[in-house]
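Colleague: Before I ask anything, let me first share the structure, which is written out below as structure tokens.
The values are calculated or read from the model by the stated rules, or taken from the named source; none is laboratory data. Predicted model, so just to flag it, every value in this text is computed and none were measured. For neighbour counting, all protein chains shown are included, and Cβ atoms are generated from backbone atoms with ideal geometry for every residue, glycine included.
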There are 2 protein chains.
Amino acid sequence: MIGKSVPRVDAYDKVTGRAKFTDDMAPHNCLVAKVYHARIGNGVVKSIDTSKAEALDGVVKVVTFKDVPNHCYPTPGHPWSVEPAHQDIADRNILTGRVRYYGDDIAAVVAEDEVTAQRALRLIEVEYEEYPVVTDPRKSMWGSKPPIHLDKKDNVLARTNYFIGNVEEGLKQSDTVIKRTYKTPIVQHCHIENPISYAYMENGRIIVVSSTQIPHIMRRVIGQALGIPWSKIRVIKPYIGGGFGNKQDVLYEPLNAFLTMQVGGRPVKLDVSREETFCNTRTRHSIEYELTAGVDKEGHLLAKDMLEISNQGAYASHGHAIAANGLTSFRLQYACPNIKGEAYTVYTNTPVGGAMRGYGIPQVCFAGECFMDDIAKEIGMDPLEFRKRNLIQGYYEDAYLKPIAAHTNGIFACLDKGAEYIQWDKKRKEYSNQTGNIRRGVGMALFSYKTGVWPISLEIAGARMVLNQDGSVGIMLGATEIGQGADTVFCQMAAEVLNMDMEDIHIQSVQDTDVTPFDTGAYASRQTFVTGTVVKECAEQLKKKILDYAKELMPEETRELSLDHGWIFAGEDHAISLERLAMESYYSLSNSSVLTAEVSSQVKKNTISTGCCFAEVEVDIKLGKIKILNIINVHDSGKLINPKLAEMQVHGGMSMGMGYGLSEQLLLDEKTGRPLNANLLDYKLMTIMDTPEIKADFVELEDPEGPFGNKALGEPPAIPVAPAIRNAVLHATGVAFNENPLTPQKLIDGFMKAGLI
Amino acid sequence: MIGKSVPRVDAYDKVTGRAKFTDDMAPHNCLVAKVYHARIGNGVVKSIDTSKAEALDGVVKVVTFKDVPNHCYPTPGHPWSVEPAHQDIADRNILTGRVRYYGDDIAAVVAEDEVTAQRALRLIEVEYEEYPVVTDPRKSMWGSKPPIHLDKKDNVLARTNYFIGNVEEGLKQSDTVIKRTYKTPIVQHCHIENPISYAYMENGRIIVVSSTQIPHIMRRVIGQALGIPWSKIRVIKPYIGGGFGNKQDVLYEPLNAFLTMQVGGRPVKLDVSREETFCNTRTRHSIEYELTAGVDKEGHLLAKDMLEISNQGAYASHGHAIAANGLTSFRLQYACPNIKGEAYTVYTNTPVGGAMRGYGIPQVCFAGECFMDDIAKEIGMDPLEFRKRNLIQGYYEDAYLKPIAAHTNGIFACLDKGAEYIQWDKKRKEYSNQTGNIRRGVGMALFSYKTGVWPISLEIAGARMVLNQDGSVGIMLGATEIGQGADTVFCQMAAEVLNMDMEDIHIQSVQDTDVTPFDTGAYASRQTFVTGTVVKECAEQLKKKILDYAKELMPEETRELSLDHGWIFAGEDHAISLERLAMESYYSLSNSSVLTAEVSSQVKKNTISTGCCFAEVEVDIKLGKIKILNIINVHDSGKLINPKLAEMQVHGGMSMGMGYGLSEQLLLDEKTGRPLNANLLDYKLMTIMDTPEIKADFVELEDPEGPFGNKALGEPPAIPVAPAIRNAVLHATGVAFNENPLTPQKLIDGFMKAGLI
């Protein structure tokens, strides 16, 4: 079953509208909650009057920051650690009177219906004391008065650095030294289903049904937020309409859980609007980079240096982990004897940066791969050739985190495929001396990406399997299907090990922390690798139990038994059907015992995926318009479990990468930090009308660490696209844009500066 | 925790209305299904016209017997067997054109709402060919034309018999030979929540949410009914508002599953009305008995003979198992060298008999214990003394089914307690020579009852436990809470083994065949005994895993470790808290593995419960009214897990028994078999106004077979009450009533015949 493009197990239900999402499951008598958001960007609430809202007919409850538990909790979807030093930063209250960004959560209304809840919000009266708003991390890192968080005088959430070799020496030995700065924008995940949850109480416990990537982590965070034992929380995750990392934070569920407690356990729904999703959930961090490199005459990198300043926004969320991930990535893949890295994550009065597909790597890849082209241009070398000269061939490992290693390394093969598709050599020449308004270019970028989070953080997964009466197998996992096809590939893995047909594998798609094995969830491109390892182990256990039971049923049989598509074979003969064996296991009067297997395992391994994007663009200089003529991603993600799903994954990631390169950007009012385009009309997400023909290709090396030779694929496709487009524009026009997205305004500005217009 | 009267784990939610039952969980966009019932008692549908119903606005689908799968399936909640000889009788179609009783299911309507569905029913036009209706099993057993089921020419569903010793010889040796006939009525369970389900489809599978005692069995039966693999069915059981055996049959769920398939998987709700519950679900069998016994001068039973004729109604349901259970019980408990038993279960054109609390024993106990009093009267002996002379003391076992044995036998102790409470000796004398209209009497009856169904049928149970992060434990069982307190006693068992507090045990009350361990469900008073055995085993496994993991965390510790209320002790010292251990098991970077345990075990054992009822009544002869002055049940059910819950269980059973003795009876029109009082106004269920002070007492012997010394208690309380009342009336008035319930009409008739009026 591995390597087969079987249809998604949830395809039919999803295209027919039968699949049940959180809102479909909410009881009809749900109360509706709405959040009152601050109308200033920085300050404190001096007074709040909710009496008019409370008096409104249909309002059940109004709570403010004064009513919520008076302790902080962390929101990010990390596994948690028993060691305080490794725990996430707890800087959130469920509601706050200290406004740290425009839209901060001050109060909430619970009403019989949504219209009443909205009306009640408008009746809440708040007086603020305002402080100056700081949106620029370069300013904020030197402190503000008062600091954004009291325990952080300089607003620097964290700073880390490393040294490999001696960069100063390396630069001295270099023939050319180049310095550049790059900057990436705030973007938003724009999953189709906004965050939504409903909560109610049962037997003194709180049940939260939520559109989340991380049900088991959410249980823990809600417990922390409310200050009650974690087992008193139960989180249920139905199908979800996308997450891309935004649902790897615990957003409004602690509030929702708190609200149901305030109304005697009645169900309360908290459906986050699109505008709130933009303003009040999470974004991709805007990060600035200062890059320095030295190269010798042959184009070998002798030294490189990166300063990374990440705009965290008002709360820690995943915090420095994202900048740190970029820092790690900076020392991988390209050979260089002297490397220095330094990263700052800085609080500002802006929307909160969190996890988003690629977790800091799209940013550092934009900077780093633009930089590679800029160096190549400086030394007059073909940028592909320049990369090849510096890329490590074959096995390599991280200098500090040894399990992070390229056990297989297909980057050269990827580059060959990409260059061939885009006709690199031909077109680099063909487009080298253009004039006129319409110019074409080809560009590329590459990346590497680790698979899961070991050894930076815990990797653990769980699986349980049951042999049903009809010989089919049920699977329960704590890992989550979030639209990426996880359920399908897990079924393929089980079918592979058990040598069964796909239709005989039934996966339980809803995760429920009360019953589903513990798994940290969907993030870090980990599930196919980490959970897959455990699915394999669990299926092997079940297979052994089946064959052991078959031996019990056939004590006279001496030949070796095997399992093959619904039959137990003894040697080459059909010995007993799996259905008959299963029926015996349930109903035999002499030796019935239902066959199940359960595994909970730590997975202490990692491996590195690579890949690249090649793009051909046509630039209309006067209109500031980029048209993508051809684009391809080539991925070295090990063995593909389901090539068709892998291709779809790449298509989606490339679409996200094109938006990142061309149009997406959350704009903020500089004075208040208020988002200016927090809706899908003004925020320019790629649509099918903007999207060219997308090509995805693969180099399938069998990775020894992957349970089925596989490695990360979930996030990588989004990473190399924006810099590839930018580099193609550089090729076409000779103008180096150092900030994405390449909007018409930015292009016109750049072309004017370069004298092209 | 064993033997403690802790509050029910679901108490608060149930009294506050927070607990979610099937109807609470149904989605708001559910379609509504209604069944078209036959308006004749026996015959065939000649033609059916649904065109007007289909044309009605809001009607989504109309199906008739012509549309359903053309094969039969069995409905009873038995575990199933891989051996055809042990399988239940398959004589049902989802809908039928061969009407076998008044109200048989011919067609069904699915509409947007209930009013439309009801209107559509009235637009269906049916023409019948009618056959004569036979409601009397004594007539039906000689056959009908055509037979009720074609493969049963004589309408006898089954006949079984046995011989122990030689009854003819025994009777010859006897000094007195007595013959009597007795008859019990059709009664109904009258659970407060009528049967209800809703069904929908997901990923090609059918999900049925149902108020059932037997979710795992229901999955199998729906699979059989639809002719599809059983794993394509998923049954979910929320809290249920009583079952008493009626929800141990699979009633309308196969139809509901079929209907959702007909409407593209949209959710369809099938809410059975109270009238339908009386007419179309299940009832307690009406059974007739012919009893013969011979005794010697000292009152020793030398021979006894029972002929039992059970009215099955139109479909097999649990069929002969109920009469056979009575037959088995007839040879137990009283010593008698010569016993003969013969039982017939006969199809008639009446509502279907099925499982109901006591499973044939309330009937045979009524006959047998009335008979004991009638014999005692005949030979002039005190009926209690007569019983004691014949009861077996200490251990005994069944002649044919060895594992059914009284490993502990507290019947004499029970009798002593009952006699003392009712002041037996004093009142038997005091009331011996009464005249006048108002007369008092004391009477009693006793019984024995096996615990679970082994070795007649399969006993298997499953449990899964998870150690939560906070050191609490989650439990998942396939066994069902049906209002009897099962969840609470299972939590107590786990708390006992794990030496934990009740609040640290969280039980998953909803059963879901996709995720909940396999267990056959709530019936046969089996769960505390059978499932309890497995709960104990599973808790012991989890405890071992916890202590093993503790050793891993403390390799230097050489003392023996033990678990005590949230602490791991090393010798007498607190070594590590269970919470810390649990946190390590989830989050340790070196050795995390979530601790779970799962057990699926066949339970090959049985034991016998006993008990008795003593009643004091006052009879108003001219009004035909019985007033219960005092009544007590004393039960020998082994060690009580929760004495308060046990007492409540007895109270409920005694209420049911009083209704059986005094007022309850489903009356049928003789010509059509149509129920005449199929509602709670005309069917005289006991209310709090009719109920005297009820006393429950226990004899707690530690049974070696019970996991915690416990044995059956669920059904027994309902068994001895009706004959105790009848025997008290006999004592008060000298008139022997041989049919329950003792309604005013029956009493007046009897007293007139006896010359008292």
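Colleague: Looking for something among the aromatic types (Phe, Trp, Tyr), over 26 Å from the mean Cα position of the chain (by Cα) and assigned to a strand (DSSP E or B) - is there at least one such residue anywhere in segment A:200-209? Spell out the reasoning first.
Modeller: As a first pass, look at segment A:200-209 and keep what is among the aromatic types (Phe, Trp, Tyr): A:200.
Now restrict to residues that are over 26 Å from the mean Cα position of the chain (by Cα): A:200.
If we keep only those that are assigned to a strand (DSSP E or B) too, we end up with A:200.
There is at least one residue in segment A:200-209 that is among the aromatic types (Phe, Trp, Tyr), over 26 Å from the mean Cα position of the chain (by Cα) and assigned to a strand (DSSP E or B).
Colleague: If B:ALA158 meets every condition in (1) within 14 Å of another protein chain (Cβ to nearest Cβ); (2) touching a helix residue (DSSP H, G or I) at 6+ places or on another chain (Cβ under 8 Å) apart from one, which number is that one?
Modeller: Only one criterion is unmet by B:ALA158, namely (1).
Colleague: Filter segment A:491-508 down to residues that are surrounded by fewer than 22 Cβ atoms within 10 Å (Cβ to Cβ) and in a loop (DSSP other than H, G, I, E, B) and give me whichever is nearest to the other protein chains (Cβ to nearest Cβ).
Modeller: Out of the qualifying residues, it is A:ASP501.
Colleague: Can I ask one more? Look through segment A:687-714, keep the residues that are within 29 Å of A:LYS625 (Cβ to Cβ) and of a type in the set (D, E, K, R), and return whichever of them is surrounded by the most Cβ atoms within 10 Å (Cβ to Cβ). Before you say what the answer is, go through the steps one by one.
Modeller: Our first condition is that a residue be within 29 Å of A:LYS625 (Cβ to Cβ); within segment A:687-714, this holds for A:687-697.
Next cut, of a type in the set (D, E, K, R) only: A:690, A:693, A:695, A:697.
On the way: A:ASP690: 15, A:GLU693: 9, A:LYS695: 19, A:ASP697: 16.
Looking at residues that are within 29 Å of A:LYS625 (Cβ to Cβ) and of a type in the set (D, E, K, R), I get A:LYS695.
Colleague: Quick check on my filter: what residues within segment A:459-474 are surrounded by fewer than 24 Cβ atoms within 10 Å (Cβ to Cβ) and either over 29 Å from B:ASP519 (Cβ atoms) or in contact with a His (Cβ under 7 Å, 6 or more places away or on another chain) (or both)?
Modeller: A:SER472, A:GLY474
Per-residue answers, yes or no, for (1) modelled with pLDDT of 95 or more; (2) assigned to a loop (DSSP other than H, G, I, E, B); (3) away from chain A (no Cβ under 14 Å):
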residue: B:GLY443; (1), (2), (3): yes, no, yes
residue: B:LEU446; (1), (2), (3): yes, no, yes
residue: B:ALA463; (1), (2), (3): yes, no, no
residue: B:GLN469; (1), (2), (3): yes, yes, no
residue: B:MET476; (1), (2), (3): yes, no, no
residue: B:ILE482; (1), (2), (3): yes, yes, yes
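Colleague: Answer yes or no: is there a residue in segment A:668-683 that is within 30 Å of A:ARG8 (Cα to Cα) and buried (at least 19 other Cβ atoms within 10 Å of the Cβ). It would help to see each step written out before you state the result.
Modeller: Residues of segment A:668-683 that are within 30 Å of A:ARG8 (Cα to Cα), as a first pass: A:680.
Narrowing further to those that are buried (at least 19 other Cβ atoms within 10 Å of the Cβ): none.
No: zero hits.
Colleague: Which condition breaks for B:ASP487 when tested against (1) within 8 Å of chain A (Cβ to nearest Cβ); (2) surrounded by fewer than 24 Cβ atoms within 10 Å (Cβ to Cβ)?
Modeller: So the condition that B:ASP487 fails would be (1).
Colleague: Can I ask one more? Filter segment A:676-709 for residues that are among the small types (Gly, Ala, Ser) and either without any contact (Cβ under 8 Å) to a residue 24 or more places away in the chain or within 13 Å of A:GLU664 (Cβ to Cβ) (or both) and give the result. Lay out the reasoning, then the answer.
Modeller: Pass one, segment A:676-709, residues among the small types (Gly, Ala, Ser): A:678, A:696, A:706, A:709.
Within segment A:676-709, A:ALA678 is the sole residue that qualifies.
Colleague: Now for a different question. For segment A:118-132, indicate whether the set of residues that are of a type in the set (Lys, Arg), away from every other protein chain (no Cβ under 14 Å) and under 23 Å from A:ILE309 (Cβ atoms) is non-empty. Even if it seems obvious, please write down each step before you answer.
Modeller: Residues of segment A:118-132 that are of a type in the set (Lys, Arg), as a first pass: A:119, A:122.
This time we only want the ones that are away from every other protein chain (no Cβ under 14 Å), so: A:119, A:122.
Retained after the next criterion (residues that are under 23 Å from A:ILE309 (Cβ atoms)): none.
The answer is no, given that none of the residues of segment A:118-132 is of a type in the set (Lys, Arg), away from every other protein chain (no Cβ under 14 Å) and under 23 Å from A:ILE309 (Cβ atoms).
Colleague: Moving on to the next point. Say whether the condition of being surrounded by fewer than 21 Cβ atoms within 10 Å (Cβ to Cβ) and within 27 Å of A:GLU114 (Cβ to Cβ) is met by at least one residue in segment A:77-89.
Modeller: no
Colleague: Looking at B:LYS66, B:LYS34, B:LYS20, which is the one that is surrounded by 15 or more Cβ atoms within 10 Å (Cβ to Cβ), over 30 Å from A:ALA582 (Cβ atoms), away from every other protein chain (no Cβ under 14 Å) and not polar (S, T, N, Q)? Even if it seems obvious, please write down each step before you answer.
Modeller: Numbers: B:LYS66 fails: surrounded by 15 or more Cβ atoms within 10 Å (Cβ to Cβ); B:LYS20 fails: away from every other protein chain (no Cβ under 14 Å).
Exactly one residue qualifies, and that residue is B:LYS34.
Colleague: Also, quick follow-up: Kindly provide the set of residues from segment A:330-368 that are polar (S, T, N, Q) and under 22 Å from the mean Cα position of the chain (by Cα), ordered by number. Before the answer, list the steps.
Modeller: Filtering segment A:330-368 for residues polar (S, T, N, Q) gives A:333, A:338, A:345, A:348-350, A:363.
Within segment A:330-368, A:GLN333, A:THR345, A:THR350, A:GLN363 qualify.
Colleague: Further question on the same structure: Right, B:LYS644: over 30 Å from B:ARG274 (Cα atoms) and surrounded by fewer than 19 Cβ atoms within 10 Å (Cβ to Cβ) or not? Write out each step before concluding.
Modeller: Values: over 30 Å from B:ARG274 (Cα atoms): yes; surrounded by fewer than 19 Cβ atoms within 10 Å (Cβ to Cβ): yes.
So B:LYS644 fits the description; yes.
Colleague: Report whether or not A:TYR586 is modelled with pLDDT of 95 or more, under 30 Å from A:PHE21 (Cα atoms) and either surrounded by 24 or more Cβ atoms within 10 Å (Cβ to Cβ) or touching a Leu at 6+ places or on another chain (Cβ under 9 Å) (or both).
Modeller: Numbers: modelled with pLDDT of 95 or more: yes; under 30 Å from A:PHE21 (Cα atoms): no; either surrounded by 24 or more Cβ atoms within 10 Å (Cβ to Cβ) or touching a Leu at 6+ places or on another chain (Cβ under 9 Å) (or both): yes.
Considered against the rule, which asks whether it is modelled with pLDDT of 95 or more, under 30 Å from A:PHE21 (Cα atoms) and either surrounded by 24 or more Cβ atoms within 10 Å (Cβ to Cβ) or touching a Leu at 6+ places or on another chain (Cβ under 9 Å) (or both), A:TYR586 comes out as no.
Colleague: On the given criteria, is B:ILE106 within 20 Å of B:GLN224 (Cα to Cα), surrounded by 20 or more Cβ atoms within 10 Å (Cβ to Cβ) and within 27 Å of the chain's Cα centre (by Cα)? Outline the logic, then answer.
Modeller: On the way: within 20 Å of B:GLN224 (Cα to Cα): yes; surrounded by 20 or more Cβ atoms within 10 Å (Cβ to Cβ): yes; within 27 Å of the chain's Cα centre (by Cα): no.
When the stated conditions are applied, B:ILE106 does not pass them.
Colleague: Suppose the filter is of a type in the set (Val, Ile, Thr), closer than 28 Å to A:TYR359 by Cβ and either in contact (Cβ under 8 Å) with a residue 60 or more places away in the chain or at the interface with chain B (Cβ under 10 Å from one of its Cβ atoms) (or both); does A:VAL45 pass it? Give the steps one after another, and end with the answer.
Modeller: Numbers: of a type in the set (Val, Ile, Thr): yes; closer than 28 Å to A:TYR359 by Cβ: no; either in contact (Cβ under 8 Å) with a residue 60 or more places away in the chain or at the interface with chain B (Cβ under 10 Å from one of its Cβ atoms) (or both): yes.
So A:VAL45 does not fit the description; no.
Colleague: Report whether or not A:LYS627 is surrounded by fewer than 20 Cβ atoms within 10 Å (Cβ to Cβ) and modelled with pLDDT of 95 or more.
Modeller: Values: surrounded by fewer than 20 Cβ atoms within 10 Å (Cβ to Cβ): yes; modelled with pLDDT of 95 or more: yes.
Considered against the rule, which asks whether it is surrounded by fewer than 20 Cβ atoms within 10 Å (Cβ to Cβ) and modelled with pLDDT of 95 or more, A:LYS627 comes out as yes.
Colleague: Across segment B:217-266, what is the total count of residues that are outside any strand (DSSP E or B), at negative phi and within 10 Å of chain A (Cβ to nearest Cβ)?
Modeller: 9
Colleague: Oh, and also: Kindly provide the set of residues from segment B:104-129 that are in contact with a Gly (Cβ under 6 Å, 6 or more places away or on another chain) and within 20 Å of B:LYS66 (Cβ to Cβ), ordered by number.
Modeller: B:ALA111, B:TYR128, B:GLU129
Colleague: On to the next question. Any chance segment A:520-541 includes a residue that's among the acidic types (Asp, Glu), closer than 30 Å to B:SER509 by Cβ and at pLDDT 95 or above? Can you show your working first?
Modeller: Of the residues in segment A:520-541, the ones among the acidic types (Asp, Glu) are A:537, A:540.
Of the ones still in play, those that are also closer than 30 Å to B:SER509 by Cβ are none.
No, every residue in segment A:520-541 fails to be among the acidic types (Asp, Glu), closer than 30 Å to B:SER509 by Cβ and at pLDDT 95 or above.
Colleague: Moving to a separate point now. List pairs: first in segment A:538-562 and in contact (Cβ under 8 Å) with a residue 12 or more places away in the chain, second surrounded by fewer than 20 Cβ atoms within 10 Å (Cβ to Cβ) and among the aromatic types (Phe, Trp, Tyr), Cβ under 9 Å, 6+ apart or cross-chain?
Modeller: Close Cβ pairs (under 9 Å, with a partner that is surrounded by fewer than 20 Cβ atoms within 10 Å (Cβ to Cβ) and among the aromatic types (Phe, Trp, Tyr)) amount to A:ARG559/A:PHE569; A:LEU561/A:PHE569; A:SER562/A:PHE569.
Colleague: So how many residues does segment A:175-213 have that are touching a helix residue (DSSP H, G or I) at 6+ places or on another chain (Cβ under 8 Å), within 14 Å of chain B (Cβ to nearest Cβ) and in contact (Cβ under 8 Å) with a residue 24 or more places away in the chain?
Modeller: Number of matching residues: 9.
Colleague: Which residues, taken from segment A:388-407, are crowded, with 24+ Cβ neighbours inside 10 Å and either in contact with a helix residue (DSSP H, G or I) (Cβ under 8 Å, 6 or more places away or on another chain) or polar (S, T, N, Q) (or both)?
Modeller: Here is the first cut: in segment A:388-407, the residues crowded, with 24+ Cβ neighbours inside 10 Å are A:404, A:406.
Correct list: A:ILE404 only.
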